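Worksheet: the structure to be examined is printed underneath.
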Amino acid sequence: MKSVKVFICALSFLLLALNVQSVNAQCAMCSATAEAGVKDGNTEANGLNNGILYLLAAPYIALAVGGYVWYKKYRRKNVDLNMGKEKFHLN
């Protein structure tokens with residue numbers, strides 16, 4: 001039964017991956033501003049690029065802060081293993 005579920009999930013993923021459509025995800029106004037800004041040398045294109053970089057960096061910063069908080073909250077301090085003189089077997 002488990003193999004049937006895995007097969008259905010894999011088939012669904014494959015069908016979704018094959019059904020990709022090409023899109024242009026930039027509005028006409030942003031595209032025109034970016035193209036004209038590069039040609040004319042105005043600073044609006046720089047602001048647009050800075051905004052893109054800000055939006056790109058925000059999730060990474062949030063993930064780093066969450067990881068730091070998780071590390072500080074859940075790390076163990078002064079753990080004693082009490083192994084003694086017993087032999088250590090990996091089997």
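Table for the structure above
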quantity: Unmet requirement for Gly67, which otherwise passes all of (1) open to solvent by 90 Å² or more (accessible area, probe 1.4 Å); (2) at pLDDT 80 or above; (3) of a type in the set (Gly, Ala, Ser); calculated: (1)
quantity: Failed item, numbered, when Lys85 is tested on (1) modelled with pLDDT of 70 or more; (2) more than 28 Å from the chain's Cα centre (by Cα); (3) open to solvent by less than 90 Å² (accessible area, probe 1.4 Å); calculated: (3)
quantity: Test: residue in the stretch 17-38 that is in a helix (DSSP H, G or I), surrounded by fewer than 10 Cβ atoms within 10 Å (Cβ to Cβ) and either under 25 Å from the mean Cα position of the chain (by Cα) or modelled with pLDDT of 80 or more (or both); calculated: yes
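The values are calculated or read from the model by the stated rules, or taken from the named source; none is laboratory data. Bear in mind that the values here come from a model prediction, so they are computed numbers and not experimental data. Every residue, glycine among them, receives a Cβ derived from its backbone with ideal geometry; neighbour counts consider all protein chains shown. Quick note on the areas: whole protein, heavy atoms, side chains included, nothing else; ligands and nucleic acids left out. Shrake-Rupley method; radii C 1.70, N 1.55, O 1.52, S 1.80 Å.
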